[in-house]
Amino acid sequence: MTEGFDPEFVHQFEYETWTRCAPDYLDGFSGLTRETLPMLIEAAEIEKGFHVLDVGSGPGHICGTLVDMGCSATGIDFSGAMVEIAREEYPGASFYEGNAEEMPFDDVAFDSSISNFVVHHLARPEEVFSEVARVLKNKGRLACAVFADPESQSSPGAFFAAVEEHYSVDELPHGPLFGVTDLDIHRKMLEAGGFSDTSFEFKPVSWRSEAAETVFSSFAVWANLQALPEDVRDKIRESTLKNYEAFKTNDGYEFPHEALIASASK
């Protein structure tokens, strides 16, 4: 499913990228990733009292919300920087630093599992799904959110347009971002990992932010714009903020997106 990519290169690229993004994630990208959590809870059929595994838990905000609703939440992330933040911010949940291809959990330990905007960054998704199936109880459900088609993603779209105006999008670092919105590909990955009863639904979701600068900064760090000449960075920032004016509201900014919510049973 990830032909054309060296898994080890992908893993290292993603590790470096999201470690770089860790300090600002809760103030930035979490404004979007929080919005899909209710959809994941519904798709994974999570109930109060469930022990839930969050694969790619980042700075822990998803686990924190699960704890608030009465669940026991465990997160795993490959970035130690992310895990350190999560442990400090959300002490009611448990967090582990590690590779989701080989998780330090017992068999059939969890009632449900979620993964929020992570699958399209995985170097070996089938192996991760297989591990999730191992640690889930029989009939346990997995739910994942990934970005839908690029054309439906307004905040990165406006940013990439600005980059293309002054630099080149092709020169930005790239992870796998393989065709997980191809439902046949996604279904085959889940089935190869040991899941069945797959379900897919495209859902509208919005990223709301009080300041356009917050959204721009998230993408600037993700894309490592700091590596570009200062004058190029300044031009990209100016054009991005201008593009973002199209999404201004009375109380800030609202960027429409579309997510694919995939779910399946062990």
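Working note: 222 nm ellipticity from helices only, DSSP H runs with n ≥ 4, each -39,500 (n - 2.57), summed and divided by the residues of the chain, gives -11500 deg cm²/dmol to the nearest 500.
The length gained by stretching the chain between Asp251 and Glu16 to full extension, at 0.36 nm per residue less their Cα-Cα distance, is 81.2 nm. For the chain, the longest principal axis of the C-alpha atoms and the axis of helix 230-244 are separated by about 70°. Taking amide H as placed 1.01 Å from N in the peptide plane, His51 has its amide H under 5 Å from the amide H of Ser72, Asp111, Ser112, each at least 5 places away in sequence or on another chain.
Name the residues of region 187-208 whose amide N is less than 12 Å from a point 7 angstrom out from the Cα of Glu42 along the C-beta direction? Once the point is set 7 Å along Cα→Cβ of Glu42, 201-205 turn out to lie under 12 Å by backbone N, inside region 187-208. Straight Cα distances below 24 angstrom link Lys266 to the lysines Lys48, Lys137, Lys139, Lys188, Lys203, with same-chain residues fewer than 8 positions distant left out. Taking GluC sites (Glu not before Pro) as exposed when DSSP calls them loop and at most 14 other C-beta atoms lie within 10 angstrom, the chain has its longest site-free stretch at 103-209. From the Cα gyration tensor of region 1-159, with a ≥ b ≥ c the square roots of its eigenvalues, which class applies: rounded if a/c is under 1.5, or else prolate if a/b is larger than b/c, or else oblate? The shape class here is rounded.
Each residue of region 120-136 was assigned a 3J(HN,Hα) from its phi angle through the Karplus expression (A = 6.51, B = -1.76, C = 1.60, θ = phi - 60°), giving 6, 10, 7, 6, 9, x, 4, 5, 5, 4, 5, 5, 4, 4, 4, 8, 7 Hz with x at Gly and Pro. In order along region 193-202, the phi-based Karplus estimate (6.51 cos²θ - 1.76 cosθ + 1.60, θ = phi - 60°) of 3J(HN,Hα) comes to x, x, 10, 9, 6, 6, 9, 9, 8, 8 Hz; Gly and Pro are listed as x. The label point for Lys188 and the one for Glu151, both projected 7 Å from the Cα toward the Cβ, are 2.4 nm apart.
DSSP beta bridges in the chain, what fraction antiparallel, as a percent rounded to 5?
55 percent
Based on protein heavy atoms only, the chain ends up with 46 Å² per residue of surface accessible to a 1.4 Å probe. Using a probe radius of 1.4 angstrom, the carbon and sulfur fraction of the accessible surface of the chain is 47%. Go through (1) 18.9, 64; (2) 18.1, 56; (3) 17.6, 51 and flag the label whose value is the computed Rg and Dmax of the Cα atoms in Å for this structure. Derived directly from the coordinates: (2). Couplings 3J(HN,Hα) for region 75-82, derived from phi with the Karplus relation 6.51 cos²θ - 1.76 cosθ + 1.60 (θ = phi - 60°), are x, 10, 8, 7, 9, x, 5, 5 Hz, where x marks Gly and Pro. Estimated at 0.36 nm per residue, the fully extended path between Lys203 and Asp234 surpasses their Cα-Cα distance by 7.7 nm.
Quick one: grab the alpha carbon gyration tensor of region 59-101, order the square roots of its eigenvalues as a ≥ b ≥ c, and give me rounded if a/c is under 1.5, else prolate or oblate depending on whether a/b is larger than b/c. Oblate, because a/c is 1.5 or more while a/b does not exceed b/c.
Percent of Cα-Cα pairs more than 23 Å apart in region 82-171, please.
Here the long-distance tail beyond 23 Å is 44 percent of all Cα pairs in region 82-171.
Modelled label positions at Met69 and Arg134, each set 7 Å beyond Cα in the direction of Cβ, lie 2.8 nm from each other. Cross-link partners for Lys235 among the lysines, with Cα-Cα distance under 26 Å and sequence neighbours closer than 8 places in the same chain left out: Lys248.
Under a 5 Å amide H cut-off, with hydrogens placed 1.01 Å from N, Gly140 pairs with Lys266 among residues at least 5 apart or on other chains. Amide H contacts under 5 Å for Phe95: Gly75, restricted to partners 5 or more places along the chain or on a different chain, H placed in the peptide plane at 1.01 Å from N. Of all aspartates and glutamates in the structure, those lying under 12 Å Cα to Cα from Lys242, and not within fewer than 8 positions of it along the same chain, are Glu213.
The values are calculated or read from the model by the stated rules, or taken from the named source; none is laboratory data. This is a predicted model, so every value here is computed, not measured. Don't worry about glycine lacking a Cβ; one is built from the backbone with ideal geometry, like all the others, and counts go over all protein chains shown. Heads up: the accessible areas ignore ligands, DNA and RNA and are worked out on the full protein's heavy atoms, side chains in. Shrake-Rupley method; radii C 1.70, N 1.55, O 1.52, S 1.80 Å.
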